[in-house]
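Here is the structure we will look at, set down as C-alpha cells.
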Amino acid sequence: MLMLTTPYTDNCYLLAIESSCDDTSCAILKNDQVLSNVVANQKIHEQYGGVVPELASRAHQSNIIPVVHEALKQANIDKKQLSAIAFTKGPGLMGSLLVGSSFAKSLSLALSIPLIEVHHMQAHILAHFIDSGQEKPEFPFLAMTISGGHTQIVQVDDYHKMKVLGTTMDDAVGEAFDKSGKILGLDYPAGPIIDTLSRKGNPHAFTFPIPKAPALDYSFSGFKTSVLYFVQKQQQQDANFIKQNLEDICASIQYTIVEILFQKLKKAVKQTGIKSIAIGGGVSANSAIRKRLLDQQDKGWKVFIPPFEYTTDNAAMIGISGYYKFKAKDFSSLDVTAQPRIAM
C-alpha cells in the first residue's frame, strides 16, 4: 500500500476534482478560500431526458485536462505549488468517478503530494465552511441534503462526523421534480423550470398526496405516480389541460414537494432539539425551499443557505472537505478505488 504524506503547513494549496455525475469540475483552494472553481457542463444529456452514464464518462475524459488547466490558470498558481489533491470517491456514477479518481491519483503520484478521498454528500454539507464572508454553522447542526440522487437529513457533529437521521427510500427529491416535469412535457432538467413557472401559479390549485414514510425517511415514488395519474385523468377530459393550467400545476407540485421535505425536517428539529439548519445539494437552489427555510427563522431556527455557485456539483465543495482532512492528516493510499455507493 503506497501512501504519500506531507507535513502540515500554514498555507495549503489544494487542487480538488469533482466528477460524480455529468459535471467535470476542478477547484483550487488556499486553505478555506476558493481561488478558482471551474465547471464544464454536459449538454448532451438534455436530448435524452436524463444523464446517460456512458456518455457522461466519455465527456469527463475529454473535459478533465482542460478544466484542470483552466483552474490552475485562474488561480494563478503552478502545479508545483500544490500541497495535496482531493477527489470525489463516491457516491456517483462509476464510470464518471473513475475518470476523476484516476486523474487525481496520477497527479498525486507525479507531484509526490498527498491524495485525499472525499464523500460527495459530506462535501455538499461542508460547502458552508468555504470562506465567502458569510456566517458559518456551529456544531452540532442539522443538514438537509437535497439533489437529483439524494435526499437526507443529517446530524453534523464535526467536519467529518455525521449521522444520517433520515434518507429517501426510493426516488430523490430532484428525481421527483424532473420526472414530474417529464410528465408535463418540460425539458430536462425540469426542476429549475418548475420553480420558474411556479412563481406565477397558485400552489393550492391542485392537491397531491403526502407520501407516508417511517420515522425521518422520505418517499417520492408514490408522489410521482400520483402526478402521472392526475394528469392522465385530466387530459382524458380536456386535451389542453396541461397547456391551460401549466403554472398552477407546477406551483401545486412544488408546494407539495416542499411540504414533504419540511414535515420531516420539523420532526427532526423536534426530536434532536437542534435548531441550526443548513441545506445543500442542487435542489437547495429552489426558491420555494429557500423561502420556506427562511420563514422558519421566526420560530427560532438559525438558517444557513450556501451561495448558488456551491449548491450544484462543484469541486470547491470537494476542496473544502479535503482541506479539513488535510489539516487532520487524513490521507488516502494510492490504491483507493471509486465507490458508486458509499455510506456517509
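The values are calculated or read from the model by the stated rules, or taken from the named source; none is laboratory data. Given the structure is predicted, the values throughout are model-derived calculations rather than measurements. FYI the Cβ positions are ideal-geometry reconstructions off the backbone, even for glycines, and counts take in every protein chain you see. Note: areas computed on protein heavy atoms with side chains; ligands, DNA, RNA excluded. Shrake-Rupley method; radii C 1.70, N 1.55, O 1.52, S 1.80 Å.
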| request: Express in nm, to one decimal, how much length is gained between LYS233 and MET94 on full extension, taking 0.36 nm for each residue of separation and deducting their alpha carbon distance. | output: 46.1 nm
| query | Highest mean first, what order results for 316-323, 196-203 on Cβ atoms within 10 Å? | reply | 316-323, 196-203
| What is the pair-distance distribution P(r) of the range 105-213, computed from all Cα-Cα distances in 10 Å bins starting at 0, with each bin given as a whole percent? | 11, 28, 29, 23, 6, 2, 0
| query | Roughly how many Å² is the accessible area per residue of the range 114-218, as a whole number, for a 1.4 Å probe? | reply | 41 Å²
| request: Find the centroid of the Cα atoms in the range 224-255 and in the range 148-187, then give the distance between the two in whole Å. | output: 23 Å
| query | Could you work out the helix-only [θ] at 222 nm for the chain, with each DSSP H run of four or more residues adding -39,500 (n - 2.57) and the total divided by the number of residues, to the nearest 500 deg cm²/dmol? | reply | -13000 deg cm²/dmol
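For the chain, what % of the accessible area comes from carbon and sulfur atoms, probe 1.4 Å?
Values: 7560 of 15250 Å².
Roughly 50 percent, rounded to a whole number.
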| Among 174-185, 214-225, 275-286, the order from most to least packed when residues are scored by Cβ within 10 Å on average | 275-286, 174-185, 214-225
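Which value, in debye to the nearest 20, describes the size of the charge dipole of the chain about its Cα centre when Lys and Arg Cβ atoms bear +1, Asp and Glu Cβ atoms bear -1, and nothing else is charged? Let's see the in-between values first.
Details: 33 positive and 32 negative charges, 113 e Å.
Computed about the Cα centre, the dipole is about 540 debye.
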| message | Can you give me the Rg/Rh ratio for the chain, using Cα atoms for both radii and the Kirkwood formula for Rh? | response | 0.99
| Lys, Arg +1 and Asp, Glu -1 on Cβ, resulting dipole of the range 129-183 about Cα centre, debye, nearest 20 | 120 debye
| query | Along the charge dipole of the range 138-210, Cβ charges K/R +1 and D/E -1, which of GLY191, SER147, THR168 sits furthest on the positive end? | reply | GLY191
